[in-house]
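I have placed the structure first, in the form of structure tokens, so that the comments after it can refer back to it.
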Amino acid sequence: MSAMVEELILKFSCADKPGIVASVASLFSLQGFNIRESSQFEDASTQRFFMRTVLESVEGPKSLDDVKSAFQSVADRYQMEWSLCNAKEKAKVVIAVSQWGHCLDNLLNGWKRGYLPVDITAVVSNHEAMRPLCEWYGVPYHYLPVTPATKADQEAQILSIIDETQSDFLVLARYMQILSNDLCGKLEGRAINIHHSFLPGFKGAKPYHQAYDRGVKLIGATAHYVTAELDEGPIIEQSVERVSHANTPEELVEIGRDIEAVVLQRAVRWHAESRVLLNGHKTVVFNR
């Protein structure tokens, strides 16, 4: 049975051509929807058009499947990459973590306060360190130890938890394991990582120590989609903090943790609200 909806979020991208916005607006007007919010962007370098629109029904609940079926003709006409979802339905997310809990705690707190528009269905970890925190928040915790010999089986368990909870995406909240190419492929566009550096600089391990060795005056953090190429995925959000020659590597780590938590929560929020569209190796983020 098709879900009944009164508010929808449409996002799409396609080659830029005349009449796209008019066609979309006309279709949804005929379907009994009013446009409440709309954002658009044309990438002049690729001549590709991006759009996110919030629509509300003025005729009461509508069948989501019927609306999708009606929109298909417009999507086919412009060869769109598109999605249409219930704006009132929260995205479900699984969080992976290792032994640092600052990003996890910020996500759990945002979810508990109702600020972060997601349902956290489970936390998975290769350590037991974060179990007490998750139990305090009442979130199921799955201890999944991993070695090189068991990596494939452990990742299969992560996928199984995502499937069983019907979760929409995975968040790596300082999960200090490199995902296999196979898992990266299966979660393409559905896995977000926080890297404790302002990418593309200082990739890999101990970026704050790398930054200290170079005497940087700004440190930052980067939330990006996970790809098989380490720390090369499309960037969703970044932020920086000014530091000085007097800061030790340990102080840089502490300053960086605050940035990481804020940046990751923003990225998760924007992804959950369908504000992020892929643009090749980049993203378009309609964050108001």
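The numbers here are math on the coordinates, done by the rules we state, and not lab data. Since we're looking at a predicted model, the values are computed, not measured. Cβ coordinates were reconstructed from backbone atoms using ideal geometry, including for glycine residues, and neighbour counts include every protein chain displayed.
Just need the relative contact order of segment 91-285 here, percent rounded to a whole number, with Cα pairs under 8 Å and 6+ apart.
Relative contact order comes out at 21 percent.
Quick check: the angle from helix 64-77's long axis to the longest principal axis of the chain, C-alpha only, nearest 10 degrees?
80 degrees
Using a 10 Å Cβ count of at most 12 others and DSSP loop calls, identify the longest part of the chain lacking such GluC sites (Glu not before Pro).
My reading of the result: 129-228 is the longest stretch.
Specify which residue in the list 138, 116, 61 is farthest towards the positive end of the charge dipole of segment 18-141, using unit charges on the beta carbon of Lys, Arg (+1) and Asp, Glu (-1), about the Cα centre.
Working it through, the farthest residue towards the positive pole turns out to be 138.
Please give the per residue volume of the convex hull enclosing the alpha carbon atoms of the chain, rounded to a whole number of Å³.
147 Å³
What chymotrypsin sites (Phe, Trp or Tyr not before Pro) in segment 137-182 are in a loop by DSSP, with at most 13 other Cβ atoms within 10 Å of the Cβ?
Listed in order of number, the matching sites amount to none.
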